[in-house]
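All of the numbers you see were taken from the coordinates with simple rules; none came from a lab. Nothing here was measured: the structure is a model prediction, and the numbers come from that model. Methodologically, a virtual Cβ is constructed for each residue, glycine included, from the backbone with ideal geometry; neighbour enumeration extends over all protein chains shown.
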Amino acid sequence: MGDNRIVDIPRVEAMDPMKASALAAADVFALPSRQEGIGGVYIEAWAMKKPVIGCRIPFLTIEDGVDGFLVPQEAGALAEKIIWLLDHPQEARQMGEHGRRKVEREYDWERITDRIEAFYRRHVSHVPEPSAIHV
């Protein structure tokens with residue numbers, strides 16, 4: 001990559017202390033994956049006031065240019081946004097602040113499960129409404 005401001009860490013488990021340390025130390029969080037379930041790691045980065053860079057995934061709404069950037073899954077586009085955020089620290093901090101407010105407003109567990117259930121209902125026609133399930 002040729003830029004000492006970029007640190008590529010290996011995949012870590014959810015509860016690994018390295019993950020929290022890396023997020024806390026980062027100025028920007030980038031994970032250009034299209035295979036994230038709900039994108040929990042983006043939410044964790046926002047909770048730590050970090051701007052994020054990612055691809056479009058079903059359950060997470062990165063507001064492009066507001067709390068991070070959406071990029072196609074290609075190296076050039078990703079590098080451009082990472083460098084821009086590193087070169088514009090005040091704007092990056094503002095995006096991180098927007099992300100933190102989003103987490104406080106939208107990402108409690110009740111809202112997350114409601115979104116996932118709604119997604120499944122839209123895509124699987126035979127899933128009954130919760131009121132129709134008898135236990």
So if R0 is 30 Å, what FRET efficiency would Glu91 and Met18 give, r being the distance between their Cβ atoms, rounded to the nearest 0.05?
0.60
Run the dipole for the chain about the Cα centre, Lys and Arg Cβ at +1, Asp and Glu Cβ at -1, nothing else charged, and hand back the magnitude in debye, nearest 20.
120 debye
By per-residue mean of other Cβ atoms within 10 Å, what is the highest-first order of 68-78, 15-25?
68-78, 15-25
For Ala30, other-chain or 5+-apart residues with amide H closer than 5 Å (H placed, Pro excluded) are Ile53
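Stokes-Einstein D for region 48-120 at 4 °C, 1.567 mPa s, Kirkwood Rh over Cα pairs, in µm²/s? Before the final figure, lay out the partial values.
Values: Rh = 13.1 Å.
The diffusion coefficient I find is 99 µm²/s.
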Quick one: what are the phi-derived ³J(HN,Hα) couplings along region 78-85, Karplus 6.51/-1.76/1.60 with θ = phi - 60°, whole Hz, x for glycine and proline?
4, 4, 4, 6, 4, 4, 4, 5
Which of rounded, prolate, oblate describes the chain, given a ≥ b ≥ c as roots of the alpha-carbon gyration tensor eigenvalues and a/c under 1.5 marking rounded, otherwise prolate only if a/b is larger than b/c?
prolate
